[in-house]
Amino acid sequence: MGFFHWISRYIGGNSPGEGAGKGEADAESNALGERLIEEGNVLEEQGKFAEAIEKYRAALTALPESARVFLNLGNAFLALNQTEQATANYRKALCLQPDSSKAYFNLGLSLSSGGDLAGAVAAYRDALRFNPDFLDAHIALACALEDQGDQQAALAQYRIALGINPVHGPANFNLGMLLYGLGEVEEAIARMQTAAQDPGFCAGAHGWLGKVYLETGLVEKAVEHYRLAHQFAPEDVAAFSNYLFSLNFLPDISADRLLQEHLEYARVFSAPALVVAEIAETDIPRKLRVGYVSGDFFSHPVARFFEPLLEHHDRNRFELVCYYNNTVVDATTLRLRQSADGWRAIEGLNDLQVCDLIRRDAIDILVDLSGHTARGRLTVFARKPAPLQLTWLGYLGTTGISAVDYRICDVYTDPPGMTESAYVEKLARLPHSQWCYRPPVDLPSVNDSPMIQNGFLTFGSFNNPTKINLPVIALWARVLAALPDAHMVIGGVRNSFVAKHLVGAFGGLGIAAERLELIGGQRLEDYFLAYRKVDVVLDPFPYNGATTTLDALLMGVPVITLAGCRSLARGGVSLLSNLGLGDFIASAEDEYANKAVSLASQSEYLACLRFSLREMVRNSPLMDETGFANAMESLFLDLWSCRGNSATGPRSLEH
């Protein structure tokens, strides 16, 4: 937790032994000690904490019983994260001045940093005993209580802090975060709106509001808050990427606006390209060294598509290094690490440090797997640390970075002549699908069509509600209105705020809440079992499903998709085309609705198809792990061989 500061210096009355009347020698010692303290303060302000400590130690010779000196020593040690020394000096200060609320406060911070939450809670309570209106101590105590897992006590403490100052930015921000975690979304939003009025928290608060609204499907509101977050923090890479990511969900945004916004990102965060010496080519074949950069090497959907490639790479021709921009480690992380030839943890390293790693690893082809999603490192790619740079998988649009040479896609997501102008990168198309999927668990068996037992058609969506915008709801409501007995299951409804929005939006279009089944967060096994309730999945637009579409198909549930003109709006086209299910692809909203409605009279067809889909997927390019790895490797080799002509080469490369 955070968003409170520690008191950097104690400003108060003279501590014991510092008063007047001690004679001329004491006056000289006091003057010397005060001068050394002030010099130490200046060094702290310059970030020279070790030198400041020497000044404070010298001050102790003149003022051996000064609480102020020990407090300053504690602060300098805490700044160096030397919590044991900091704690010892704060305790010495308190022995000399036991009623110092500020010393107790800083002691709490030191104990908390050292992992002693119980001790920190006691110290903060002592600080408040001597100063009940100490606002920062109330907030720090709430943070420590929250870290202990006592959310209700933390909640009460934040409310006490806001009783002292109702518009305090840090208190409102932290309380908003806590309330959101407790499912009190509407009050959380109100708290964040207040925090957004604080100049120190406006960027963070607007970014958080953008996230909440995007997760709810209120895309326009999300985009506006992300825009404000970027406006208030123009040098924050993540804030700009969040804004760009949210733009992809706007139903009517033009390809040109998307491109221009991404180009602005590249302009703001451009960096001089590094001089990279390529390994001299010889007549003796050598392995190409490929680096993959991602923050999603854990139980994340990206890993479900990446792991099959990593495992099936031909190690006689390729050497593979993964650059992991995260600290999360789970079973998936361990498997990926075992499969890679090299593993580099880059979380916490700056761009130049990461580039130095990549250069020392002599990477030939560097592949971005994140784009503008969380924990992406595109500013590393902007420095061009590898001769050939590609983007694939995690972000279905342009990076905006001219140093990224190619975007990997397929012939269905980006048909020749349709999308080239939307990218800074050239397009490198795989022959079948840009995805190869490995389900995360053993799948439950496929059940009979629910329509047989229910007597009515049940539609479903298990996409993130982020993708369920108002035009999507309007089209789905149109389908449900045409089939008065039909129901719809919507998964991924993470809280009551999202549920209230969905029920209200459908209700406004004449669809009663009783016809909707909203499912919240689930264990993975229960998520797959929920597909047994559904006859047909309706794909959202413009941002189609990918993982959820494949999961539906593997559970025997067909998917109706609307073909768009952007790559992310053609994911459904790619998946269904690879299965020969073109009849489930619509080119317009009317056709989409008609296809959905017509299935109500095709119960036998749906029942038969249900038990065929899993094997269709397993026998298709969508799960052909060896074939996919071979296609990707052939693409890499072709791109490597023509890299010298990249400046004048074609806008796309077919394979």
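The values are calculated or read from the model by the stated rules, or taken from the named source; none is laboratory data. Since we're looking at a predicted model, the values are computed, not measured. So basically every Cβ, Gly included, is an ideal-geometry build from the backbone, and we count neighbours across all protein chains shown.
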Only one of Phe77, Phe70, Phe105 is out of contact with any Pro (no Cβ under 6 Å at 6 or more places or on another chain), of a type in the set (Phe, Trp, Tyr), touching a residue at least 40 places away in the same chain (Cβ under 8 Å) and part of a helix (DSSP H, G or I). Can you tell me which? Phe105
Of the residues Tyr423, Tyr437, Tyr412, only one is more than 24 Å from Phe506 (Cβ to Cβ) and either touching a strand residue (DSSP E or B) at 6+ places or on another chain (Cβ under 8 Å) or in the same structural domain as Gly520 (by TED's automatic domain parsing) (or both); which? Tyr423
Only residues that are within 19 Å of Ser110 (Cα to Cα) and not in a loop (DSSP other than H, G, I, E, B): list them for region 140-160, please. Ala140, Leu141, Ala142, Cys143, Ala144, Leu145, Glu146, Asp147
Which condition breaks for Ile365 when tested against (1) buried (at least 17 other Cβ atoms within 10 Å of the Cβ); (2) farther than 30 Å from Asp551 by Cα; (3) without any contact (Cβ under 8 Å) to a residue 40 or more places away in the chain; (4) over 21 Å from the mean Cα position of the chain (by Cα)? (3)
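Restricting to region 372-383, name every residue that is surrounded by fewer than 23 Cβ atoms within 10 Å (Cβ to Cβ) and outside any helix (DSSP H, G or I).
So in region 372-383, the residues surrounded by fewer than 23 Cβ atoms within 10 Å (Cβ to Cβ) come out as 373-375, 377, 379, 383.
Those that are surrounded by fewer than 23 Cβ atoms within 10 Å (Cβ to Cβ) and outside any helix (DSSP H, G or I): Thr373, Ala374, Arg375, Arg377, Arg383.
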Within region 196-213, can one find any residue that is buried (at least 23 other Cβ atoms within 10 Å of the Cβ) and more than 20 Å from the chain's Cα centre (by Cα)? yes
Of the criteria (1) within 22 Å of the chain's Cα centre (by Cα); (2) under 24 Å from Cys608 (Cβ atoms), which one Asn544 fails: (2)
With respect to the numbered conditions (1) in contact with a helix residue (DSSP H, G or I) (Cβ under 8 Å, 6 or more places away or on another chain); (2) farther than 14 Å from Phe105 by Cβ; (3) part of a helix (DSSP H, G or I), which one is the sole condition not fulfilled by Gly163? (1)
Among the residues in region 496-513, are any touching a strand residue (DSSP E or B) at 6+ places or on another chain (Cβ under 8 Å) and part of a strand (DSSP E or B)? no
Of the residues in region 551-574, those that are out of contact with any Lys or Arg (no Cβ under 9 Å at 6 or more places or on another chain) and either outside any helix (DSSP H, G or I) or under 19 Å from Leu443 (Cα atoms) (or both) come to Asp551, Ala552, Val559, Leu562, Cys565, Arg566, Arg570
